[in-house]
Amino acid sequence: MRSQQRLRMPSFRQRRKPVKPDPLSGIEIPSPFDLQKFCAAVAERRGRPLLVEEVEGVSGADDELCGLWVELDTADCIFFEASTSPLHRDHIVLHEISHMLLGHSSSSDASTGANLGELFTTIDPRTVRSVLGRANFSSPQERDAEQLATRIAKLAKLTPLPKTHDPELDRIAAALRGEGR
C-alpha cells in the first residue's frame, strides 16, 4: 500500500510589496493654507520644534542652494532665500518638510553645496545631526521630496495667481505680494 502524500503545488499568488505608510497620515493641511499652522502640525508629529527662517545667501540660481534643512539634536531648522516670492518660499519649506516626513538624512554638509560656517555662525556644528539642501533634483531623495512637496501644495491649493494681459499690472501685483524684491 502506498502512503498517500499530498503534493504541494507552488503558489502562483503574487506577493505584494509592503505598503509604505503615507507620510502625511495624521497631519492636517490647513484650509485655507497657513504655513505656520502646517509647520506646527509637523513639529507636533516629530515631537520637536520646527523653526523656519529666511536667510541671505542661498539664492537658488544656477543649481545653487535655495533651501536648507538642518536637523539639530533638539530642533529642526529650515532656511530659505530671503529674496524669493511667498509662493516659492512655501514650496521650498514644503520640500524641506518632505525630507523630514520621508525620513531622509545626510550627515555631510558637502552635499548641500553651501558652507554652513559662513551662513550660520550661531549653530554649534556638534549639535547638527543632519543637513539637507535643496539645489537640484538629481538624487532619488530630492525627487521624492519634490514629489511630496508638490502633492502637499496641490492638497493645500497653493497655486500662482493668474497673470493679466498687462505686464505693468502684473509687475504692480507682484510688488504688492512682496515678490521680486
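All of the numbers you see were taken from the coordinates with simple rules; none came from a lab. Since the structure is predicted, the reported quantities are computational estimates derived from the model, not experimental observations. A quick note on method: Cβ atoms are made from the backbone with ideal geometry, for glycine too, and the neighbour counts reach across all protein chains shown.
Estimated at 0.36 nm per residue, the fully extended path between ARG143 and ARG45 surpasses their Cα-Cα distance by 33.0 nm. Straight Cα distances below 20 angstrom link LYS157 to the lysines LYS37, with same-chain residues fewer than 8 positions distant left out. Annotation: amide H of LEU72 within the under-5 Å range of CYS77, ARG129, sequence separation 5 or more or interchain, hydrogens built in the peptide plane.
In this simple spin-label approximation, THR159 and ASP22 carry label points 7 Å from Cα along the Cα→Cβ vector, and these lie 2.1 nm apart.
For ASP166 and SER83, a Förster radius of 22 Å and the Cβ-Cβ distance give a FRET efficiency of 0.35, rounded to the nearest 0.05. Residues in region 33-41 carry Karplus couplings, in order, of 5, 9, 4, 4, 5, 5, 4, 5, 5 Hz; the curve used is 6.51 cos²θ - 1.76 cosθ + 1.60 with θ = phi - 60°, and Gly or Pro positions show x.
Cβ-Cβ distance of SER31 and ASP73, R₀ of 45 Å, FRET efficiency by 1/(1 + (r/R0)^6): the value works out to about 0.85.
For the pair LEU102 and ALA173 in one chain, pulling the backbone fully straight at 0.36 nm per residue adds 22.0 nm over the alpha carbon distance.
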